[in-house]
1. Select from the range 467-507 the residues that are at pLDDT below 80, of a type in the set (A, V, I, L, M) and over 20 Å from residue 529 (Cα atoms) and write down the one among them that is farthest from the chain's Cα centre (by Cα).
2. Out of the range 350-371, which residues are surrounded by fewer than 17 Cβ atoms within 10 Å (Cβ to Cβ) and modelled with pLDDT under 80?
3. Look through the range 238-260, keep the residues that are under 30 Å from residue 286 (Cα atoms) and surrounded by fewer than 17 Cβ atoms within 10 Å (Cβ to Cβ), and return whichever of them is nearest to the chain's Cα centre (by Cα).
4. Just to be sure before I move on: is residue 206 modelled with pLDDT of 85 or more, closer than 30 Å to residue 397 by Cβ and surrounded by fewer than 16 Cβ atoms within 10 Å (Cβ to Cβ) in the structure I sent?
5. Quickly run through the range 199-213 and pick out the residues that are touching a Leu at 6+ places or on another chain (Cβ under 9 Å) and touching a residue at least 40 places away in the same chain (Cβ under 8 Å).
6. Take the residues in the range 323-359 that are assigned to a strand (DSSP E or B) and acidic (Asp, Glu); name whichever of them is farthest from residue 257 (Cα to Cα).
7. Filter the range 318-349 for residues that are modelled with pLDDT under 90 and among the acidic types (Asp, Glu) and give the result.
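The values are calculated or read from the model by the stated rules, or taken from the named source; none is laboratory data. This is a predicted model, so every value here is computed, not measured. Glycine gets a Cβ as well: all are built from the backbone with ideal geometry, and neighbour counts include every protein chain shown.
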Amino acid sequence: MADKKKPMIHKENLRSTSVNLFKEIAKSEEILEAIGDGISIQDRTFKIIYENQVHRNIFGDHVGAYCYQAYQKREDVCSGCPVSLTFKDGKVHTVERQDHTGKEMKYVEITASPLKNIEGKIIAGIEVVRDITNRKRAEIDLRNSEERYKLTIDHIADALHVADKNLNILLINKKLSEWHEHLGLKIDVIGKNIFKAYPFLPNRIKKEYEKVFETGNAIKTEETNTVKGIRIITETQKIPIFEEGKITKIITIIRDITESKRIVEVLMDSEEKFRILAEHSPNMIFINKKGRVAYANEKCEKIMGYTRDEFYSPDFDFRVLIAPESIKTVELSFSKHMRGEEIEPYEYTLITKAGKKIEAIITTRSINFEKEPAILGVITDITERKKIEQVLQQREKDLALQAKNLEEVNTALKVLLKKREEDKIELEEKVLLNIKELVLPYLEKIRKSGLDKNQNTYADILESYLNDIVSSFSYRLSSAFLNLTPAEINIANLVKQGKTNKEIADLLNVSTRTAAFHREHIRQKLGIKNKKTNLKSYLSSIN
């Protein structure tokens with residue numbers, strides 16, 4: 001009597017089943033391909049076993065190759081490789097790299113994370129590559145603009161420093177460094193408090209800085225200090241710097257007016273000495289007596305374009321030297337002097353004979369000249385400084401815009417990271433569901449169809465591979481509920497798929513009573529026993 005034939009499962013059948021498995025996994029690649037970051041998976045030998053299209057666009061198609069050979073043309077693992085670090089400690093590691101593969105320099109951020117099985121063993125590494133070229137270029141532009149900023153202030157003829165809200169010095173220009181060297185002060189003041197760097201400053205200066213931070217208004221003062229026996233008179237401006245509507249720093253511009261003051265003092269002592277000194281002064285110096293120019297030095301002739309005879313003419317109206325927008329300011333100052341009042345230095349605009357505008361700062365004092373009341377004026381050309389101030393203001397606007405752009409880039413990156421995490425969870429759910437519902441049931445049917453010893457071995461191997469694939473996704477459940485046993489985790493996954501106690505018993509080769517017993521234990525451990533909570537719905541809400 002012929003033996004009854006048993007169903008036979010050959011290697012070809014198992015191989016076909018594997019192909020079907022990976023076809024199902026391939027369905028989930030739609031999610032990976034939709035992600036805007038490059039994604040690759042490497043096994044423990046650093047062999048590339050998967051790349052999505054974005055990754056291939058950046059680095060080329062290298063599936064099957066070793067990453068260090070494919071990307072860096074090396075014979076061993078790269079130093080600081082994030083995947084290598086992840087294999088060592090099981091943590092997420094992020095590095096930045098430069099890519100020279102294309103025509104232009106690219107910057108990428110590489111994040112490596114472990115792929116673990118249900119026992120927590122790392123079986124592969126997931127590498128996510130993000131193109132951060134735009135962000136890096138913005139950072140480089142910001143650094144370059146900082147260098148240009150430093151170069152600009154180094155060309156200012158006045159001494160300058162920038163301090164933060166704690167009055168710690170952040171930056172000084174070349175002119176201030178020269179002052180330090182000339183006066184024998186400490187050269188290295190960066191990071192130091194203003195009053196420790198310059199202990200000779202009076203306490204009222206601190207109140208002036210506090211007022212600028214409080215009101216947002218610039219302050220201009222005249223200060224006299226003695227530094228190592230040298231008397232220095234300065235005109236000082238404290239100008240607030242705004243960032244995003246808040247004052248974060250103060251620029252202090254310091255002009256040495258010691259010479260101008262000395263001229264006035266000499267004049268008080270001797271008119272002859274004054275004339276000698278005034279003729280050699282780099283500043284324009286004049287004397288106005290009863291509304292007429294009684295004296296103008298040589299510098300006035302050279303800069304303004306008028307001869308002294310023209311200046312001294314009875315018909316010469318000194319107001320022709322003043323720009324229309326500054327007439328009221330000068331007339332107000334003149335009126336105060338006529339009333340015997342002293343005024344602080346102020347800025348105004350001159351017009352030369354050729355029609356050229358000159359930005360200037362003027363210091364005036366009431367004096368006696370040729371035994372009559374008069375006004376002495378010392379004028380300093382600050383046209384170049386005003387241009388640089390405009391550059392600085394524009395610079396601050398540019399910095400604020402670049403900072404805003406960087407903030408927007410960071411916000412966009414945060415959104416992408418959140419989306420990537422959501423996509424990852426969705427991918428895990430889909431792969432797990434495909435394997436559980438479309439593959440494992442057929443594998444179980446194959447087992448029940450009657451296999452010989454070798455076929456059972458092949459089935460065991462295939463099931464082991466399947467477990468390795470799904471374990472990283474099931475691991476989320478086991479991590480969330482560490483008090484569940486492996487058997488209970490397995491049953492929890494089946495319950496989540498909507499399996500009944502009978503279906504679970506058939507799949508696991510246990511009794512229906514055993515399946516129900518485990519089900520009750522799961523409810524108890526999850527804290528929902530004796531509650532009107534659907535176990536399947538609760539498990540589905542875990543992720």
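1. That would be 507.
2. Within the range 350-371, 368, 370, 371 qualify.
3. 256
4. It is true that residue 206 is modelled with pLDDT of 85 or more, closer than 30 Å to residue 397 by Cβ and surrounded by fewer than 16 Cβ atoms within 10 Å (Cβ to Cβ).
5. Within the range 199-213, 209 is the sole residue that qualifies.
6. Initially, the range 323-359 is screened for residues assigned to a strand (DSSP E or B), giving 346-351, 357-359.
Filter once more, keeping what is acidic (Asp, Glu): 347, 359.
Working: 347: 14, 359: 17 Å.
Among those residues, the one meeting the criterion is 359.
7. Of everything in the range 318-349, those that are modelled with pLDDT under 90 and among the acidic types (Asp, Glu) turn out to be 331, 341, 342, 344.
Condition check ((1) under 27 Å from residue 508 (Cβ atoms); (2) at pLDDT below 80; (3) in contact with a strand residue (DSSP E or B) (Cβ under 9 Å, 6 or more places away or on another chain); (4) not in a helix (DSSP H, G or I)) across all residues:
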| site | (1), (2), (3), (4) |
| --- | --- |
| 402 | no, no, no, no |
| 405 | no, no, no, no |
| 421 | no, yes, no, no |
| 429 | yes, yes, no, no |
| 435 | yes, yes, no, no |
